[in-house]
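To start, the structure under review is shown below, and the notes come after it.
The values are calculated or read from the model by the stated rules, or taken from the named source; none is laboratory data. In this text the structure is predicted, and so the values were computed from the model without any measurement. Here the Cβ positions follow ideal geometry from the backbone for every residue, glycine too, while neighbour counts run over all protein chains shown.
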Amino acid sequence: MKILLTVHQFLPDYSSGTEILTYKTAKELLSRGYDVSVFTGYPAQAEMEESARFDSYIYEDIKIIRFHNSNISLGGQNIVEAEYNNLFLANYFRQYLIDWKPDIVHFFHLGRLSASAIDVCAELQIPTVMTTTDFWLICPTNQLRLADNSLCAGPNFSAVNCLRHLVESSQTPEIKKKVKTLPDWLIVLIILGFKTNILSANWYYGYYVLALTNRPKFMQNRMNKIDRVLVPTRLMQNILKNNGLNPKRISFVPYGLDTKNIQRETKKGHLNQLRVGFIGTLYEHKGVHLLLEAICKYLPDAAIELKIYGNLHDFPEYVNQLHEIAKDDPRISFCGTFPNHEISKVFSDLDVLIVPSIWYENTPLVIYSAQAAGCPVIGSDVGGISEIIQHQIDGLLFERGNASELAKSIRILYEDRTLLNKLAQRLSPPKSIEQYVDDLESTYSDLKNL
């Protein structure tokens, strides 16, 4: 059987949770005799000929087809619309599917590719599966988090909240100020004016507004063309249902983890110092600034060692902010990234992992890794995290975005090493990647027999 996996970015350049899950799934499928390829995106940094935007390479026996995407018009299409309906990508993707003839297309992410890939599969009658790893299907920023850091339930009427959010995060101070003064009802009238041609859409912001406000309906239609949507959390299941996905298309399938390189060690806190760590993307929604504030402001004299693992170059402005907060605190180390096979060593040097996310996390794989290694987690009390951490049973939860409460949680384990070890001993091992692919095989078989 031929199986095509899609993801917004891939190894070796990118290795966050979604990329690792896609990679491990591909490797396990290959080991079972499937013919597997990965179709991925790549953030092109420079202008290039349209004919050069697709290339291919091999990564650990996996065939990769890559689309170099950048925030410019391709084929004359509106760049805002192309984020979710890229016709340039669709033309190439269609021919690729016709030539390679996959039996199943499994979407792990469609960012940088767009939902036009769903249309192509439906047109060619190729069964489709999607594993949801964030909220891209309903949110153009993936995170369901508004500019003021409040959590969002999804697009409201005419997607006014989406428009306000993107203006706040991307436009000039002058435009932000003007839009902020407009009431919702007036913005709705402006949107209707563009849609009915009362206002001319032949203006840059007209195109922008129309494309953005058309996104929710377009995406709702496309996600209901996917044959099976696999959700790892009840949070994701409920949010997708509330935003128009037919519940009959949903299957609850938690992620699996490759535990071959992870050794379980449940004796924690044996040193005077409490060894605290963060592993993940160094960007605002991951909340690393809250962790630094908790250590520097609220625990300035505690014998704590903090190790922060993450790429220091992806988001340099945010990393600079983190260094500003940390200042010259000798307890804090920015450790960069590490090869996946060293993850057991990383966890053996930690007493507790901190996951201080300020968005709806959708089951960070790093929590599963910590559980496999016997390392308790202190995490934000937000859906996705709170579904897999049992407060005061195998970890601790704190109020999202509250550095003071995070500091209190750290202090509890700093002062009570007996509790720390009890949490570690109660951790249950996560589902293995082999069990996860067993679930996928069952799903693929069901779809092929329809």
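General observations
- Which numbered condition Ser200 fails, given (1) touching a Gly at 6+ places or on another chain (Cβ under 7 Å); (2) modelled with pLDDT under 95; (3) crowded, with 16+ Cβ neighbours inside 10 Å: (3)
- Here Ile388 passes the criteria (1) under 26 Å from Val253 (Cα atoms); (2) modelled with pLDDT of 95 or more; (3) among the aliphatic types (A, V, I, L, M) except the one numbered (2).
- When the test is whether a residue is free of Cβ contacts under 8 Å to residues at least 24 places away in the same chain and closer than 23 Å to Leu151 by Cβ, Ile378 does not pass it.
- Single condition Ile250 does not satisfy, out of (1) in contact (Cβ under 8 Å) with a residue 24 or more places away in the chain; (2) closer than 23 Å to Ala117 by Cβ: (1)
- Test: residue in the stretch 285-292 that is under 21 Å from Phe398 (Cβ atoms), part of a helix (DSSP H, G or I) and over 22 Å from the mean Cα position of the chain (by Cα): yes
- Every residue from the stretch 293-302 that is free of Cβ contacts under 8 Å to residues at least 60 places away in the same chain and assigned to a loop (DSSP other than H, G, I, E, B): Pro300, Asp301
- Scan of the stretch 1-29 for residues that are under 17 Å from Asn340 (Cβ atoms), surrounded by fewer than 23 Cβ atoms within 10 Å (Cβ to Cβ) and over 13 Å from the mean Cα position of the chain (by Cα), ordered by number: Leu11, Pro12, Asp13, Lys24, Lys27, Glu28
- Qualifying residue in the stretch 331-341 (condition: of a type outside the set (S, T, N, Q), touching a helix residue (DSSP H, G or I) at 6+ places or on another chain (Cβ under 9 Å) and in a loop (DSSP other than H, G, I, E, B)): yes
- Leu192 touching a residue at least 24 places away in the same chain (Cβ under 8 Å) and under 30 Å from the mean Cα position of the chain (by Cα): no
- Elements of the type helices (runs of 4 or more DSSP H) sitting completely within the stretch 107-215 and holding at least 1 residues that are within 21 Å of Gln77 (Cβ to Cβ) and not assigned by TED's automatic domain parsing to the domain that holds Thr281: these cover 116-123, 160-170, 184-195.
- Boolean, Leu306 is in contact with a Gly (Cβ under 9 Å, 6 or more places away or on another chain), buried (at least 18 other Cβ atoms within 10 Å of the Cβ) and part of a strand (DSSP E or B): yes
- Some residue of the stretch 254-261 being at pLDDT below 90, of a type outside the set (Phe, Trp, Tyr) and surrounded by fewer than 18 Cβ atoms within 10 Å (Cβ to Cβ): yes
- The test for being at pLDDT 90 or above and over 18 Å from Leu5 (Cβ atoms) does not hold for Asn149.
- In the stretch 62-102, residue surrounded by the fewest Cβ atoms within 10 Å (Cβ to Cβ) [restricted to those that are farther than 21 Å from Phe10 by Cβ and small (Gly, Ala, Ser)]: Gly76
- Ile358 part of a loop (DSSP other than H, G, I, E, B), surrounded by fewer than 19 Cβ atoms within 10 Å (Cβ to Cβ) and in the same structural domain as Lys286 (by TED's automatic domain parsing): no
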